[in-house]
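K.L.:
My questions all concern the structure below.
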Amino acid sequence: MTNRTVAMMIGLVVAAPAVVAVEQTSAAPASSPAPASTPGPPPSQGDRARDHFKNLQVLGDISPSDFYATMHLIRASLGTTCDHCHDVEHYEADAKPAKLTARRHMQMVIDVNKNVFEGRTVVTCNSCHRGASHPVSVPTVEQGLFPDSTRGAAVTPQELPTPAQILDRYVAAVGGRDALRRLKTRAAEGTWTHMALGITADGHPVAVNRGKVDPFTVTTVGSDGLLVTRMGFDGTTKVEDRAAGKTTVTIQGNHGVAQTGETKGELGPISIASQMLSFGLDRELKLAADAGTFVVADPVELAGRTLNVLTRTLQGGVRERFYFDAADGLLRRRELLRPLLLGDDLIQVDYDDFRAVDGIRVPFTIKTSYLDDNHYGNTIQFSSIRHDVRQNAPGA
Ligand code: HEC
Ligand code: HEC
């Protein structure tokens, strides 16, 4: 047993601006014992949305920091923009019929979850709307098509791998425990791109660079649990609306601070976990060591791949979902689901372009997407990653 087994808390701040911004909207205190399914924080505790807005009849008790995430959640569920329901010069006005309907449907969702699902947030706007302002009520003929509509085809029950099996396979796919234990430091360079939505020549929406490509360099140094990371926006590209200069993130144990210029911000558990997971030196070993915290869900298909799914609930009721490629064992996607009164706010991180560096497979592209105004997300593209390797791996 060495210090190395105490997972080194290593992360960098590359994605921090967005991650931190999201976390500031997090209402769930880290210490909250509330399970993920508890719909929002209990009323009459702390700052309430009703104290910040003029005309709330349903959402008055939610925390102000949940408010805009909730608006974006319903907006995304209906596949609309804010002005579908609002006169955007006067958000408090009940001028549009859609806003009145939305208010009734909010109450319906709350009631149905309370009366039918024991208060768990199971039914959401998206359960019915699925990206449309008018849900489709009649099934298509195709939905009901089977060779025999009475008896289904015999299904052999599928035996799912255990969390430990999925995670051991992940560690092996990345390069194995010994190779991971030999890592001393990781130095990386790359670009951070804020994406926007564009339209291709044939009319398809695609994510394009919003014109903010921030070059950065990072160094992660692990020493017995302390980790210091620096990210420089070194000014070769003009940065319009983001902090110029350096952001330094220091994470020690469960405590993290991000500093840009004079501005210091505490990192909450979600940010720390995110940084660790995207950039931690031994994130794979840490996840494998945590195998007991995960539950296996049914595999899903994504972009032609079959993915094994592991889920767990973090402090504050935030849930995490990890998607591992059934073919090669690598981690392709991670989702963070933060409980709101009307459903979950989603952050999605996709890992791609895996390349071997010193026998370790590292994703060179990390894309983070959101439901809110950041929804086009950001993409980190590493141009180089270098490792400093121990001669004799401790505890190997
Ligand atoms: C599907 C309809 C719908 C969409 C889309 C929607 N809202 Fe709302 N919004 C509502 C409803 C309904 C309320 C009132 C909730 C209540 O009574 O508790 C509300 C309330 C508000 C308020 C409070 C105004 C006040 O002072 O009383 C603000 C601000 C707001 N929305 C902003 C937004 C923004 C920004 C967006 C887009 C990101 C958005 N909304 C999208 C339905 C919607
Ligand atoms: C149980 C299914 C169901 C759920 C859940 C649901 N809706 Fe609806 N919603 C409908 C149906 C059905 C209609 C269409 C009604 C019609 O055509 O008369 C509709 C219509 C609406 C409309 C009016 C259509 C328009 O012009 O935009 C709004 C706004 C709306 N829903 C908002 C919401 C919001 C916000 C939520 C979540 C808080 C929600 N709904 C949850 C079923 C649902």
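Computed from the coordinates by the stated procedures, all read-outs in this text should not be read as laboratory data. Quick caveat, the model's predicted, so the values are computed rather than measured. Counting neighbours? That spans all protein chains shown, and the Cβs are built from the backbone with ideal geometry, glycine included.
K.L.:
Along Cα→Cβ, 7 Å out, is where each label goes; now give me the distance between the ones at A132 and T185 in nm to one decimal.
P.N.:
5.7 nm
K.L.:
Here's a follow-up. Out of residues 5 or more away from A297 or on other chains, whose amide H comes under 5 Å of its own, with H placed 1.01 Å from N in the peptide plane?
P.N.:
Amide H neighbours of A297: V309, L310, T311.
K.L.:
On average over all directions, what projected area in square nanometres does region 85-137 have, based on the convex hull of its Cα atoms? Don't skip to the answer; put the middle values down first.
P.N.:
Working: hull surface 17.2 nm².
For region 85-137, the mean projected area of the Cα convex hull comes to 4.3 nm².
K.L.:
Rounded to the nearest 20 debye, what is the charge dipole size of region 301-396 about its Cα centre when +1 sits on each Lys and Arg Cβ and -1 on each Asp and Glu Cβ? Could the numbers behind the result be given before it?
P.N.:
Values: 13 positive and 14 negative charges, 62 e Å.
With only Lys, Arg, Asp and Glu charged at Cβ, the dipole is about 300 debye.
K.L.:
Further, regarding this structure: Using a Förster distance of 51 Å, how high is the FRET efficiency between H255 and A95, based on the Cβ-Cβ distance and rounded to 0.05? Please list the in-between numbers first.
P.N.:
Details: r = 47 Å, r/R0 = 0.93.
After rounding, the FRET efficiency stands at 0.60.
K.L.:
Give me S383, S77, S137, S369 ranked fewest to most by other Cβ atoms within 10 Å of their Cβ, as a rough exposure proxy. Show your work: numbers first, answer last.
P.N.:
On the way: S383 11, S77 22, S137 6, S369 19.
Exposure proxy ranking, most exposed first: S137, S383, S369, S77.
K.L.:
When every alpha-carbon pair in region 280-337 is counted, what percent end up more than 16 Å apart? Mind showing how you got there, number by number?
P.N.:
Working: 741 of 1653 pairs.
Cα-Cα pairs of region 280-337 separated by over 16 Å account for 45 percent.
K.L.:
Suppose the chain between Q165 and E301 were pulled fully straight at 0.36 nm per residue; how much longer would it get relative to their current alpha carbon spacing?
P.N.:
Working: separation 136, 0.36 × 136 = 48.96 nm, distance 1.95 nm.
Going from the current span to full extension adds 47.0 nm.
K.L.:
Using the Kirkwood radius over C-alpha pairs as Rh, can you work out the diffusion coefficient of region 106-165 via Stokes-Einstein at 10 °C, viscosity 1.306 mPa s, in µm² per second? All intermediate terms of the calculation are to be shown ahead of the outcome.
P.N.:
Numbers: Rh = 15.7 Å.
Approximately 101 µm²/s, per Stokes-Einstein.
K.L.:
What is the spin-label model distance, in nm, from C82 to R390 if the labels are put 7 Å beyond Cα along the C-beta direction?
P.N.:
If labels sit at C82 and R390, their model points lie 5.1 nm apart.
K.L.:
Let me ask you something else. For D358 and F146 in one chain, what is 0.36 nm times their gap in residues minus the Cα-Cα distance, to one decimal in nm? If you can, show how the numbers build up before the last one.
P.N.:
Numbers: separation 212, 0.36 × 212 = 76.32 nm, distance 5.16 nm.
Length difference between fully extended and current span is 71.2 nm.
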